[in-house]
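The values are calculated or read from the model by the stated rules, or taken from the named source; none is laboratory data. Computed from a predicted structure; not experimentally measured. As a convention, Cβ positions derive from the backbone with ideal geometry for all residues, glycine included, and neighbour counts pool all protein chains shown. Side chains are part of the model used for accessible areas, which takes the heavy atoms of the whole protein and leaves out ligands, DNA and RNA. Shrake-Rupley method; radii C 1.70, N 1.55, O 1.52, S 1.80 Å.
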Amino acid sequence: MINLWNACTGECLKTLQGHTNYIRSVAFSPDSQILASSGGLDQTIKLWDVRTGNCLNLQGHTAWILSVAFSPQGEVLVSGSHDGTVKLWDTKTGECLKTLRSERPYEGMNITGVTGLTEATIATLNALGAVEYYPPQTLSVALTPVSGAV
């Protein structure tokens, strides 16, 4: 939920509801007519008309959305996500104009069990696409009958 406040009077002017989780980032368009909000875990961006409260939903990220920002003219919104992408959005239509992703030269390289790597090196390799596979753990549970149960 986002509350829009009059900073001079302290009056709540409007409440915007729509994200299903906490809100990670907000940004006003240069003309202050649109508010962009990223829902973090819900992987959505919402463009709110500040006057009416109407909302345009933008979807396309596959992980947390960390930040949003408008271009100087307000025609493009930029979003950055934990999925490793930066997306450029048309603020009028909601269309994703471009997806930028850094080069990942180690995409899919299995580094499970490799020795001699520091935690920092492993984190860097993961960011560049390397993966680690760990076998599923087995959980043993002993069940005790409840007295009087059939």
Next on the checklist: I want to confirm something. Restricting to segment 82-105 and keeping residues that are under 30 Å from N57 (Cβ atoms) and among the charged types (D, E, K, R), which single residue is surrounded by the most Cβ atoms within 10 Å (Cβ to Cβ)?
Outcome noted: K87
Next on the checklist: Could you check segment 1-45 and list, in sequence order, the residues that are under 17 Å from the mean Cα position of the chain (by Cα), open to solvent by less than 60 Å² (accessible area, probe 1.4 Å) and without any contact (Cβ under 8 Å) to a residue 40 or more places away in the chain?
Outcome noted: G18, H19, I23, L35, S37, G39, G40, D42, T44
Next on the checklist: Take G108 and tell me if it is open to solvent by less than 70 Å² (accessible area, probe 1.4 Å), closer than 30 Å to A130 by Cβ and in a loop (DSSP other than H, G, I, E, B).
Outcome noted: yes
Checklist entry - Hey, among S79, S67, which residue is in contact with a Ser or Thr (Cβ under 6 Å, 6 or more places away or on another chain), small (G, A, S) and open to solvent by less than 70 Å² (accessible area, probe 1.4 Å)? => result S67
Next on the checklist: When you check L139 against the structure, is it in a loop (DSSP other than H, G, I, E, B) and at pLDDT below 95, yes or no?
Outcome noted: yes
Checklist outcome for this item: The lone condition T115 fails out of (1) modelled with pLDDT of 90 or more; (2) open to solvent by less than 70 Å² (accessible area, probe 1.4 Å); (3) β-branched (V, I, T) is (2)
